[in-house]
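Asker: Below you will find the structure I want to go over with you.
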Ligand code: HEC
């Protein structure tokens, strides 16, 4: 299956990407940091692309929007499988603060709200509802910023 077919598949097995993040196993703590930073980086790429299309900074392409929405839905879940204890900043260039572990329920709530908003983004794209899409992208952006303010070192 090509990557784009994978990303377009409507029936992604989201059950295996549930909100209560099952931790992945990494050989080295540095590998966990690299994994989550890469996932966040890709999340940003698709989030920015979809935002640019909905704001008409670039032409709105419905197929690309579906790719972005599917990617966002998956990528909003992936980083949270890679926060094993002992991987706070400054390990391997990480900006993760200790509060991720000391205030774990609050961190999990923030991750869950991002995932719920990502599901709404996905729904809005599927329906072609651009008004709702702009609104939900805004709300998701606020969730990104709030979590970074609270849990990411400057
Ligand atoms: C629940 C908390 C949380 C939410 C929500 C969140 N992030 Fe982050 N993000 C983090 C943390 C923690 C880091 C630092 C990870 C590290 O350096 O180990 C981070 C790092 C990043 C990075 C830097 C990756 C790198 O290469 O260092 C980007 C880009 C990013 N986030 C984008 C986003 C976007 C876009 C959203 C919303 C669509 C988002 N994040 C939502 C917690 C969050």
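Asker: Among the numbered conditions (1) assigned to a helix (DSSP H, G or I); (2) within 13 Å of the ligand (Cβ to nearest atom), tell me where residue 88 comes up short.
Answerer: (1)
Asker: Oh, and also: Return the residues of segment 42-56 that are under 19 Å from residue 132 (Cβ atoms) and touching a helix residue (DSSP H, G or I) at 6+ places or on another chain (Cβ under 8 Å); say none if nothing qualifies.
Answerer: 46, 47, 49, 50, 51, 53, 54, 55
Asker: Now, a different point. Pick out the one residue from 24, 17, 3, 12 that is out of contact with any helix residue (DSSP H, G or I) (no Cβ under 6 Å at 6 or more places or on another chain), within 16 Å of the ligand (Cβ to nearest atom) and at pLDDT below 95. Steps first, answer last, please.
Answerer: Working: 24 fails: out of contact with any helix residue (DSSP H, G or I) (no Cβ under 6 Å at 6 or more places or on another chain); 3 fails: within 16 Å of the ligand (Cβ to nearest atom); 12 fails: within 16 Å of the ligand (Cβ to nearest atom).
Testing whether each residue is out of contact with any helix residue (DSSP H, G or I) (no Cβ under 6 Å at 6 or more places or on another chain), within 16 Å of the ligand (Cβ to nearest atom) and at pLDDT below 95 leaves just 17.
Asker: Filter segment 92-102 for residues that are part of a helix (DSSP H, G or I) and in contact with a helix residue (DSSP H, G or I) (Cβ under 6 Å, 6 or more places away or on another chain) and give the result.
Answerer: Keep residues of segment 92-102 that are part of a helix (DSSP H, G or I), which gives 92-93, 99-102.
92, 99, 100 - these are the residues of segment 92-102 that are part of a helix (DSSP H, G or I) and in contact with a helix residue (DSSP H, G or I) (Cβ under 6 Å, 6 or more places away or on another chain).
Asker: Continuing with the same structure: When the residues of segment 93-107 are narrowed to those that are within 8 Å of the ligand (Cβ to nearest atom) and under 18 Å from residue 30 (Cβ atoms), which ends up surrounded by the most Cβ atoms within 10 Å (Cβ to Cβ)? Please lay out each step first, then the result.
Answerer: The initial filter retains those residues of segment 93-107 that are within 8 Å of the ligand (Cβ to nearest atom), namely 93-97, 100, 107.
Next cut, under 18 Å from residue 30 (Cβ atoms) only: 93-97, 100.
Details: 93: 10, 94: 20, 95: 14, 96: 21, 97: 17, 100: 23.
If we take residues in segment 93-107 being within 8 Å of the ligand (Cβ to nearest atom) and under 18 Å from residue 30 (Cβ atoms), then 100 is surrounded by the most Cβ atoms within 10 Å (Cβ to Cβ).
The values are calculated or read from the model by the stated rules, or taken from the named source; none is laboratory data. Only a predicted model underlies this, so the values are computations on that prediction, with no experimental measurement involved. Quick reminder, even Gly has a Cβ in these numbers, built from the backbone with ideal geometry, and neighbours come from all protein chains shown.
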